[in-house]
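Report on the following structure.
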Amino acid sequence: QVQLVESGGGLVQPGGSLRLSCAASGFSMDNYAIGWFRQAPGKEREGVSCINSIDSIPYYKDSVKGRFTISRDNAKNTVYLQMNSLKPEDTAIYYCGIRNKKGFVQRLCSFASADFGSWGQGTQVTVSS
């Protein structure tokens, strides 16, 4: 059974840092793209970052480029999102997803939430002074 568990969220002041973790079980992450998405109150879920299973080149939403870093640790079957220089507008619930829908290209990144078949429970990130 596919499971994803996010952790690392919390309350941080503007300019602070957090590292989110997405631990996978029930499958090998080597075969799938893994994405980070976030959803703020009253907003639609949006893609933040993604890493594919082919070349590990990272992809980012424009507003987080230079501040966030996604990485993959295959030995731990875990994907991380290092978030630096956090801003109040980064406040949201952050989710990791796996692009495991049957019949779809599974190794390549996407920022469309509908392309991802399984999700974790989410972790709250709040940036406030």
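The values are calculated or read from the model by the stated rules, or taken from the named source; none is laboratory data. Keep in mind that this is a model prediction, so the values were computed, not measured. With ideal geometry, Cβ positions are generated from the backbone for all residues, glycine too; neighbour counts draw on all protein chains shown. Just the protein is used for accessible areas: all its heavy atoms, side chains included, with ligands, DNA and RNA removed. Shrake-Rupley method; radii C 1.70, N 1.55, O 1.52, S 1.80 Å.
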- Message: Suppose the filter is touching a Lys or Arg at 6+ places or on another chain (Cβ under 8 Å), on the phi > 0 side of the Ramachandran plot and touching a residue at least 12 places away in the same chain (Cβ under 8 Å); does Ser85 pass it?
- Response: yes
- Residue ID - farthest from Ala114 (Cα to Cα), chosen from residues in the range 20-45 that are outside any strand (DSSP E or B) and either in contact with a helix residue (DSSP H, G or I) (Cβ under 6 Å, 6 or more places away or on another chain) or polar (S, T, N, Q) (or both): Ser28
- Which ones in the range 33-69 are in contact (Cβ under 8 Å) with a residue 24 or more places away in the chain, of a type in the set (S, T, N, Q) and in contact with a Leu (Cβ under 8 Å, 6 or more places away or on another chain)? Ser49, Asn52
- Query: Does Gly16 satisfy the criteria of being closer than 27 Å to Val127 by Cα, without any contact (Cβ under 8 Å) to a residue 24 or more places away in the chain and assigned to a loop (DSSP other than H, G, I, E, B)?
  - Reply: no
- Item | Counted residues, the range 25-45 - those being open to solvent by 20 Å² or more (accessible area, probe 1.4 Å) and on the phi < 0 side of the Ramachandran plot | 12
- Message: Let me spell it out: the conditions are (1) in contact with a helix residue (DSSP H, G or I) (Cβ under 9 Å, 6 or more places away or on another chain); (2) at positive phi, and Val48 meets all of them except one. Which number is the exception?
- Response: (2)
- Does Phe104 satisfy being without any contact (Cβ under 8 Å) to a residue 40 or more places away in the chain, over 11 Å from the mean Cα position of the chain (by Cα) and farther than 21 Å from Leu11 by Cα? yes
- Message: Being in contact with a Gly (Cβ under 8 Å, 6 or more places away or on another chain), of a type in the set (A, V, I, L, M), closer than 16 Å to Ser113 by Cα and modelled with pLDDT of 95 or more: is that true of Leu4 here?
- Response: yes
- Val5 versus (1) touching a Phe, Trp or Tyr at 6+ places or on another chain (Cβ under 8 Å); (2) part of a strand (DSSP E or B): which is the lone unmet condition? (1)
